[in-house]
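For reference, the structure discussed in these notes is given below.
The values are calculated or read from the model by the stated rules, or taken from the named source; none is laboratory data. Fair warning: this is a prediction, and the values are worked out from it, not measured in the lab. Using ideal geometry, Cβ is built from the backbone for each residue, glycine included, and neighbour counts are taken over all protein chains shown. What goes into the accessible areas is simple: the full protein's heavy atoms, side chains included, and nothing from ligands, DNA or RNA. Shrake-Rupley method; radii C 1.70, N 1.55, O 1.52, S 1.80 Å.
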Amino acid sequence: MLGDSLTAGYGVKPDQAIPVRLQAALKREGRDVTILNHGVSGDTSAGGIDRVDWMLGDKPDIVMVELGANDALRAIDPAATERNLDTIIAKLKEAKVTVWLIGMMAPRNLGPQYVAAFDGLYKKLADKYQIPLYPFILDGVAQDATLNQADGMHPNPDGVEVVIKHLLPFVTKNLDDYAASVHRPSRP
């Protein structure tokens, strides 16, 4: 997972970070996968570009790209975020890595034009590259004080579990599709 603080596990114990909990959920389903946490708190989509080559050193089969939240929090032009994510996806595709895009939604106080441009960029990129899109990483968690840390932006351990519950069907479906595409059994 290439991401920001949501991937890194900001404010939770290392074993409560989304990649770790997702790997555990997949293993409970009998899927032998390893998810490496390439999350950096505070990172923007531009920072993600700088880390792609380093991450490729791990020779991943699949990369879930979860970036953009900090771009929106800083009100970075959505066109710049889109270009950066496009660059990341293109680099991964060039390296023959399967890419899954994990979306974010803009804070609603940035106005309807910004929100429409930002929220729409993930679908546009998923369509362009014909890659799976999970539309909103914080689905079911955003704006629920009981599922977030005091900052109101990062999930607490209970919030992480909700993220995993919602994300897991997307991941398992796409793992099965990936296995079929490379002619491997879907369950090791």
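Could you say which residue among L101, L121, L85 is assigned to a strand (DSSP E or B), under 16 Å from the mean Cα position of the chain (by Cα) and within 14 Å of S45 (Cα to Cα)? After ruling out the rest, the residue left standing is L101. Restricting the first member to the stretch 26-51 and to residues that are small (G, A, S), and the second to residues that are open to solvent by 50 Å² or more (accessible area, probe 1.4 Å) and not in a helix (DSSP H, G or I), the beta-carbon pairs closer than 7 Å and six or more apart or on different chains are G30/R187; S41/Y10; G47/V40. Quick check on the stretch 1-15: of everything there that is under 11 Å from the mean Cα position of the chain (by Cα) and of a type in the set (A, V, I, L, M, F, W, C), which residue is most open to solvent (accessible area, probe 1.4 Å)? Per the criteria, the residue is A8. Specify the residue that is most open to solvent (accessible area, probe 1.4 Å); the eligible residues are those in the stretch 16-51 that are more than 25 Å from K173 (Cβ to Cβ) and among the aliphatic types (A, V, I, L, M). This residue is V40. Checking each residue in the stretch 76-99 for being hydrophobic (A, V, I, L, M, F, W, C) and touching a helix residue (DSSP H, G or I) at 6+ places or on another chain (Cβ under 6 Å) picks out L85, I88, I89, A95, V99. Going by the conditions given, is M64 part of a strand (DSSP E or B), open to solvent by 10 Å² or more (accessible area, probe 1.4 Å) and not acidic (D, E)? Yes: the conditions hold for M64. Among residues of the stretch 126-145 being charged (D, E, K, R) and more than 19 Å from D4 (Cβ to Cβ), the one that is least open to solvent (accessible area, probe 1.4 Å) is D144. Among the residues of the stretch 146-169, are any farther than 30 Å from R28 by Cβ and either in a helix (DSSP H, G or I) or open to solvent by less than 20 Å² (accessible area, probe 1.4 Å) (or both)? No, there is no match, as no residue in the stretch 146-169 is farther than 30 Å from R28 by Cβ and either in a helix (DSSP H, G or I) or open to solvent by less than 20 Å² (accessible area, probe 1.4 Å) (or both).
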